[in-house]
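Participant: For reference, the structure I am asking about is given below.
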Amino acid sequence: MSIDNTFLKTGSICYESKLAALDYYLIFDFSNSNKKNKMTEPIRTLKDSPIIRWSALILISIVMFSSYYFYDVYSSIKTILQTEVGLSNVEYGTMYGAYSFTNSILLMAFFGGVILDRWGIRKTGSLFLGFMLIGTLGVTYGASDIFKPGSFGYNFFGSFMDRYSPELKMMIFGRILFGLGAETFYVTINKVIAKWFKGKELALAFGICLAFGRFGTAGALMLSPKLVDINFGWTAAGWFGFILMLIALMGFIFFTVFDIRYDRQIKESSSEATEKGLNFTELLKLLTNKSFIYITLLCLTFYSAVFPFMPYAADLLYNKFGIPENTSAMIVTILPFGTVIFTPIFGWWCDFKGKSASLMILGSILLIVVHLTLSLTNISPYIPMFLLGVAFSLVPAAMWPAVAKIVHESRLGTAYGTMYTIQNFGLMLVPVIMGVILDKTNRGISVKAVQAGEAAYDYKFTILLLVILGLIGLLFAILLKREDKVSGFGIELPNKQ
C-alpha cells in the first residue's frame, strides 16, 4: 500500500481531527490578527501558515541531514578505512565516485525528475528513499567485520572480477544504490521547497535545507573519528549513519501528513497523481534555454570542485601540514559549519535584495582562491577552509532558487533532475581522477608508510585540478549574468513577491 493510501485509508480519526482543529486554529488566528492588523496576510492554506510550512521544511530537511552525513561518513577516517578494508587511493576514489554511477551513466537523476513530475512528491520520495536505505545498509555491511567468508553475499561478490576484493565490490554496490536514491530525492526536496515556498521565503528555505545537509557533513567529519575509538570498533561510524537514515524515513512519513492535507486544500491531490508525462517539446525548450544551460554547467563544475574535495580534505591537511587526523577532521568541519551559518543569510539576501547571479560569480572566485592557496602555499588551512565555506554558501543559496525563475513549476522535477544528472558526471569522475593523480604523483609511497609517519602525499597537482574546474565555473557564472539581461528571467531581482 502506498504512503498516500496508508494515511488516507487506515481510518486514522486522530489525524483528521487534529488537522480539522488545525484548520479552525488557522481561521480563528487569522480573524483575531485581522482585528489587530488589517495588513496581515490571509491564511488560506497550510502553506500560508508560517508555522506549518517551516515545520514541513524541517521534516524534509532531516533526510538532507542524514544523507549528507552518510555521504561523508568515511571521509575523516580515510586511512583507517583503507587499512582495514585494504583499499588503494584509486579504489577509495572509485568507491566514492560509484555514488554517481547510475545518475550519470544511466541518467537516473534525469529520469527521476521526469518520474517526479508524473508521480508527484510522495510516491517518488518513498521509492527513492527506499533505495537510499538499502544502499546505506550495503555500504556499511561491506565495510564491517560481519562481511566475511561464508556471510550473506560474500561468496557472490567474490565470484567475479577477482582483481577487486568482495568488500570493495559490496561497498560499491551499496554506494551505487545510495546515490541512485539520494540524487532523485534531492530533486524531490527541491520541488517540495518550490511548492511550499515560491512567492515567499524561497531562497531562505533553500538555504536552511542546505544548511541541514552541511551540518550532516560536519557531523560525519567530527563524529566518525570519535566513534572509531569506542568499544564497538571503527565500523560503528557506518552503522550510526544507517540509524540516521532510519530516522530520516520517519521524518518523511510525518511530512507526508502535511503534504496530503495541503493538496486537499488546494484541490491538487488528483492532479498530482495524473500530471503529464515527459513532453519532448518542452524538454527541447529546456535544453535550448541558455540561462538553464549556463546554470547547469556552473552546477557541474562548482560542485565537482567541492564535493570530491571533501573525502580527501582531512588527508590533505594531515600530509601537507602534519596535522593529526582527528584535528584535521575538525578543521575540515569549518567548511560545513560555515555553510550552516552563511547559506541561510545569503538565501535571505537573495529573497529580499536579489543579485543572485552576482553572488554566484563571487562564490566562484572564492573557490579558485581557496584551491590555489591549498595547492601552492603553506598558509594556515583555517583561512582557506573558512573561505571555502563562504563560497559553498554563496553559490548554492543563489543557484537553486534561481532555477524556479527559469523553469515553470510543472517541469521543475525534470529541470532539477537534468541538473543533478549532469552534476553527477563530475561527482563520479573527479574523485577517481583525483585518486589517479595522487597515486601518479606519489609513486613509491604506500598507505602504511603514510600512516606510520614515514612518508607524506604531495597534493599539489591533485588540488590544481579543482582550480581548473573553478575557472570554468566562473566563466559560466559570468555568462549566466550576461544572459539574464537578455532573457529577462529576473535572476538578479529579489525572490520575495
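Participant: Do any of Lys148/Lys448; Lys78/Lys169; Lys169/Lys440; Lys123/Lys355 go past 27 Å between their Cα atoms, and which?
Facilitator: Working: Lys148/Lys448 23 Å; Lys78/Lys169 17 Å; Lys169/Lys440 23 Å; Lys123/Lys355 36 Å.
Table pairs above 27 Å Cα-Cα are Lys123/Lys355.
Participant: Ordered by residue, what ³J(HN,Hα) values in Hz, to whole numbers, does the range 52-60 give under the Karplus form 6.51 cos²θ - 1.76 cosθ + 1.60, where θ = phi - 60° and Gly and Pro are x?
Facilitator: After applying 6.51 cos²θ - 1.76 cosθ + 1.60, I find 6, 5, 6, 5, 4, 4, 4, 4, 6 Hz.
Participant: Here is a further query. For the range 44-487, evaluate the Debye formula with one uniform point scatterer on each Cα (no solvent term) and list log10 I(q)/I(0) at q = 0.06, 0.08, 0.10, 0.14 Å⁻¹, rounded to two decimals.
Facilitator: The Cα Debye sum returns log10 ratios of -0.24, -0.43, -0.67, -1.34.
Participant: Still on this structure, please answer the following. To the nearest 20 debye, what is the magnitude of the charge dipole of the chain about its Cα centre, counting +1 on the Cβ of each Lys and Arg and -1 on the Cβ of each Asp and Glu?
Facilitator: Its charge dipole is roughly 1180 debye.
Participant: Want the number for Asn155 to Ile51: 0.36 nm per residue separation, take away the alpha-carbon distance, what's left? Present the calculation step by step, with values, prior to reporting the outcome.
Facilitator: Working: separation 104, 0.36 × 104 = 37.44 nm, distance 5.23 nm.
Full-extension gain reported as 32.2 nm.
Participant: Also, I was wondering about something else. Please report the relative contact order for the chain, taking Cα pairs under 8 Å with a sequence separation of at least 6, and give it as a percent rounded to a whole number.
Facilitator: For the chain, the relative contact order is 26 percent.
Participant: In whole Hz, what ³J(HN,Hα) sequence does the range 343-360 give by Karplus (6.51, -1.76, 1.60; θ = phi - 60°), x for Gly and Pro?
Facilitator: Each residue's phi maps through the Karplus curve to give 4, x, 5, 5, x, 4, 4, 5, 5, 9, 10, x, 6, 5, 5, 5, 5, 5 Hz.
Participant: To the nearest 0.05, how large is the calculated FRET efficiency for Met250 and Ile134 if R₀ is 22 Å and r is the Cβ-Cβ distance?
Facilitator: 0.85
Participant: Compute the distance in nm between two label points, each set 7 Å from the Cα along the Cα-to-Cβ direction, one at Asp458 and one at Lys485.
Facilitator: The modelled label-to-label distance comes out at 4.5 nm.
Bear in mind that the values in this text are calculations on the coordinates, not laboratory data. What you see is a predicted model; the values in this text were computed from it and never measured. Cβ coordinates were reconstructed from backbone atoms using ideal geometry, including for glycine residues, and neighbour counts include every protein chain displayed.
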